[in-house]
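A.B. asks: One structure is given below, represented as structure tokens, and several questions about it will come after.
The values are calculated or read from the model by the stated rules, or taken from the named source; none is laboratory data. All of these numbers come straight from a predicted model, not from anything done at the bench. Cβ placement follows ideal geometry from the backbone for every residue including glycine, while neighbour counts extend to all protein chains displayed. Each accessible area value is taken on the protein alone, full model and side chains, heavy atoms only, with ligands, DNA and RNA left out. Shrake-Rupley method; radii C 1.70, N 1.55, O 1.52, S 1.80 Å.
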There are 2 protein chains.
Amino acid sequence: MLRIAIDAMGGDNAPHEIVKGALAGARRHGVQLVLVGPLERVEAELAKNSTDGVEFTMMHSEDYIAMRERPIPAVKVKPRASIVVACQLVKDGVADAVVTMGHTGAAVVASLWTWGRIEGIKRAAVGMPFFTIQPETFLLDAGANIDCKAEYLLQFGLMGSLYAEKVMGIPNPTVGLLSNGEEENKGNRTVMEAFPLLKNSGLNFVGNVEGRHIAYGTVNVVVSDGFVGNVLVKLTEGLVRQFATVVTEQLETSLPPEIMNSVVQPVLRGFAHDNHYSRWGGMPLLGVNGICVIGHGRSRADAVVSAIGQAKSAVEIDLISAIAEGWKELTARKSLLNAL
Amino acid sequence: MLRIAIDAMGGDNAPHEIVKGALAGARRHGVQLVLVGPLERVEAELAKNSTDGVEFTMMHSEDYIAMRERPIPAVKVKPRASIVVACQLVKDGVADAVVTMGHTGAAVVASLWTWGRIEGIKRAAVGMPFFTIQPETFLLDAGANIDCKAEYLLQFGLMGSLYAEKVMGIPNPTVGLLSNGEEENKGNRTVMEAFPLLKNSGLNFVGNVEGRHIAYGTVNVVVSDGFVGNVLVKLTEGLVRQFATVVTEQLETSLPPEIMNSVVQPVLRGFAHDNHYSRWGGMPLLGVNGICVIGHGRSRADAVVSAIGQAKSAVEIDLISAIAEGWKELTARKSLLNAL
């Protein structure tokens, strides 16, 4: 049985919702848990929940990294922080993957420093299943790499394609390069340099895609630098909430309360929920030598359940070897070598 | 009475919707028109509409630039294209502003080449009133400048602030720099360089803003390079349509057709419409030595009416002098000079 290390102290609702979600996730997905955090706090949460049928151990860590801390100094001065200890458990072979709802930057730094990168991979990227507006659209990088080189974007395309195919179950996923127009000559400097690399990569590259293609789900993997990716993900999160608010206010003026309460509110709340981070659980960190799924800081138990499922799939299909092999195959292509 | 040069051949629905909208706009806003296009085609459209109470002249131009053409070569080889002739009319003092629903890139190139830039301004930017999701949020650059320097972003902040205040009527508009986090140390290289410039500019600068702040309307002027701006505008356009489609489908399964038709559809269609280019008419081109408002290629008559109103306001408040003066004032600030 796979064993998932849970950062019990990660996120705004830790440790309560994290422990609750971890237990439910273990039951749902048939995995064992290692709950990482201050022993007495984790035990207090366990006492509030039923642990029947769940195989778990605890790993004491007295420290944790708060949302407002700067990731590099925080990981440096806190070797006993829960996210760092969780990554160490994977390195030591005690656990197979890490799930955290904590500080994204700290999880990236802890994973990178503890595990290193997959051979040949230049940068680790955060992948973002693009909400259930389009359940088969996956964006990366969602924020780990702000200034990118063309080769990083090529590697994001490869890693995204493998994740979409093997974890999300999309056969032969299409890969698009996010740009300011569909034509080959559109893009900023880095995008224009990345285009011929992706074109000669052997991936199912469909060329440049625009912002609207994300909304319409016309492409499976959307490649962008982490600056643009982060702005997009946060804009979408904001628009979903704003849309539900405005439409509710307008319908309220014409529809009787009973219809609002019984029909309209559930649909709009469901819409906001479906398009919410909790549905997808988390963002995989791709390119590091270990599996780490990072959820939103505001996550509740249901998001932890989903994230455990994602982590389990990534371990089962051996995503890390797939990325290492995939990169070797890509760079063996003569056409790509000429373009690089 | 102000006189607006109308590119009668610009856009997917030209000349029919353009001429119809121009006549309505002239009546609504009390302006004269110069209709620029092939004489016989413009006359044929005029014959289909009432011209009562509208003062107009026609300016023959036998050529026009199609949406698929590349802007620089197109403007170069077509000096008699309607958009080029319209810009020339403003240069010659025959008209006060240009309104076009045609090729954005061609309008930018024709304006720049015919009018030049305002003294001191390094790049012209396309401004985008951010739909009526947030009627007091204005983004620039929406796509004219793909790779930007920090100083361009500073100038976008100034021009956006003046447009928001003087044309949109927002007193002391707040200016935010779009980034991947609110902290001062977040951003790509250009954004981090632009931060101290905006901070020392004397503008009402509120610091870095994230994608969600656009949706929540927490800032009036959002400064970004044209690559990010273009991706965002197209994502928003796509998401608004996608939201309306998904929510309609879900409500249809529970609500009777008469409620759908009489209440829900109008709200959702209205939402898509309110957040639609037609409501705002067009995007002002800021930084050139003339007023040009560029509408969406799919615009219909109502968008032309709105664009004429925007162009009229910009002329009346003498936006060009305001930008020239504003830049002089900004660069007289010692703190900014030290940061530049």
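A.B. asks: Counting Lys and Arg as +1 and Asp and Glu as -1, what is the net charge of the other residues whose Cβ lies under 13 Å from the Cβ of residue A:174? Numbers along the way, then the final one.
C.D. replies: Values: positive: none; negative: A:136, A:165.
In short, -2.
A.B. asks: Continuing with this model, one more query. Where Rh denotes the Kirkwood radius from the mean inverse Cα pair distance, what is Rg over Rh for the stretch A:1-127?
C.D. replies: On the way: Rg = 14.1 Å, Rh = 14.6 Å.
Reported Rg/Rh (Cα atoms, Kirkwood Rh): 0.97.
A.B. asks: Please work out the Kirkwood hydrodynamic radius for the stretch B:161-311, using every pair of different C-alpha atoms, and report it in angstroms with one decimal place.
C.D. replies: On the way: mean 1/r = 0.0561 Å⁻¹.
It works out to 17.8 Å.
A.B. asks: Provide a whole-number value for the mean count of partner chain Cβ atoms within 10 Å of the Cβ atoms in peptide B:184-194. Walk me through the numbers before you get to the answer.
C.D. replies: Values: counts 0, 1, 4, 3, 8, 3, 2, 2, 2, 0, 0.
Per residue, the number of nearby Cβ atoms from other chains is 2 on average.
A.B. asks: Just to confirm the numbers: residue A:333, label point 7 angstrom along the Cα-Cβ line, distances to the other copies in nm, shortest first?
C.D. replies: Listed shortest first, these distances are 4.9 nm.
A.B. asks: Between the stretch A:98-124 and the stretch B:64-123, what is the separation of their alpha carbon centroids in Å?
C.D. replies: 50
A.B. asks: Ordered shortest first, which distances in nm separate the 7 Å Cα→C-beta label point of residue B:181 from those of the other copies?
C.D. replies: Spelled out, the distances from residue B:181's label point are 3.5 nm.
A.B. asks: Counting only other residues whose beta carbon sits under 9 Å from that of residue A:85, what net charge do I get with K and R as +1, D and E as -1? Intermediate results must be reported in sequence, preceding the final value.
C.D. replies: Numbers: positive: A:80; negative: A:7, A:63.
Net charge around residue A:85: -1.
A.B. asks: Moving on to the next point. Hey, rough spin-label estimate for residue B:55 and residue A:122, points 7 angstrom out along Cα→Cβ, what's it come to in nanometres?
C.D. replies: 6.2
A.B. asks: Measuring label to label, 7 Å along Cα→Cβ, what does residue A:47 give against each other copy in nm, shortest first?
C.D. replies: 9.1
A.B. asks: Scan the stretch A:109-152 for GluC sites (Glu not before Pro) in coil per DSSP, keeping those whose Cβ has at most 16 other Cβ atoms within 10 Å, and list them by number. Mind showing how you got there, number by number?
C.D. replies: On the way: sites: A:119, A:136, A:151; in loops: A:119, A:136.
The qualifying sites are A:119.
A.B. asks: Leaving ligands, DNA and RNA out of it, rank B:334, A:234 by accessible area with a 1.4 Å probe, largest first.
C.D. replies: Working: B:334 155, A:234 40 Å².
Sorted descending by solvent-accessible area, the residues read B:334, A:234.
A.B. asks: What does the average come to when, for each residue of peptide B:242-249, you count the partner chain Cβ atoms lying within 10 Å of its Cβ?
C.D. replies: Numbers: counts 8, 11, 2, 2, 6, 8, 1, 1.
So the per-residue partner count for this stretch is 5.
A.B. asks: Let me ask something else. Excluding residues on the same chain fewer than 8 positions from residue A:149, give the aspartates and glutamates whose Cα lies under 14 Å from its Cα.
C.D. replies: Those aspartates and glutamates meeting the cut-off are A:141, A:193, A:225.
A.B. asks: Just need the Rg to Rh number for the protein assembly as shown, please, alpha carbons only, Kirkwood Rh. Walk me through the numbers before you get to the answer.
C.D. replies: Details: Rg = 27.2 Å, Rh = 26.8 Å.
My calculation puts Rg/Rh at 1.02.
A.B. asks: What is the mean projected area of the alpha carbon convex hull for chain B, to one decimal in square nanometres?
C.D. replies: On the way: hull surface 73.1 nm².
Its average projected convex-hull area is 18.3 nm².
A.B. asks: In square nanometres, what is one fourth of the surface area of the convex hull spanned by the alpha carbons of the stretch A:122-232? Walk me through the numbers on the way to the answer.
C.D. replies: Details: hull surface 23.4 nm².
About 5.9 nm², averaged over all directions.
A.B. asks: Taking the Cβ of residue A:339 as the centre, find all other residues whose Cβ is under 12 Å away and add up their charges (Lys, Arg: +1; Asp, Glu: -1).
C.D. replies: Working: positive: A:199, A:333, A:334; negative: A:151, A:193.
Charge balance in the 12 Å sphere: +1.
A.B. asks: How much mean residue ellipticity at 222 nm does chain B get from its helices, if each DSSP H run of length 4 or more adds -39500 (n - 2.57) and you divide by all residues, to the nearest 500 deg cm²/dmol? Write out the running numbers ahead of the final one.
C.D. replies: Details: 14 runs with 163 residues, N = 340.
My calculation for chain B gives -15000 deg cm²/dmol from helical runs alone.
A.B. asks: I would also like to ask the following. Take every Cα pair under 8 Å in chain B that's 6+ residues apart, average their separations, divide by the length, and report that relative contact order as a whole percent. Walk me through the intermediate numbers first.
C.D. replies: Values: 738 pairs, mean separation 78.2, N = 340.
After rounding, I find 23 percent.
A.B. asks: Also, quick follow-up: At 1.4 Å probe radius, can you tell me the per residue accessible area of the stretch B:64-193 in Å²? Spell out each step's value before the answer.
C.D. replies: Values: 4920 Å² over 130 residues.
Result: 38 Å² of accessible area for each residue.
A.B. asks: Which whole number gives the average, over all residues in B:260-271, of C-beta atoms from other chains lying within 10 Å of the residue C-beta?
C.D. replies: Values: counts 0, 0, 1, 7, 8, 0, 2, 9, 3, 0, 2, 4.
Taking the mean over all residues of the peptide, I get 3.
A.B. asks: Now, a different point. In whole Å and largest first, what semi-axes does the C-alpha gyration tensor of the stretch A:48-181 yield when each eigenvalue is scaled by 5 and square-rooted? Mind dumping the intermediate values first?
C.D. replies: On the way: eigenvalues 174, 81, 42 Å².
They are 29, 20, 15 Å, listed from largest to smallest.
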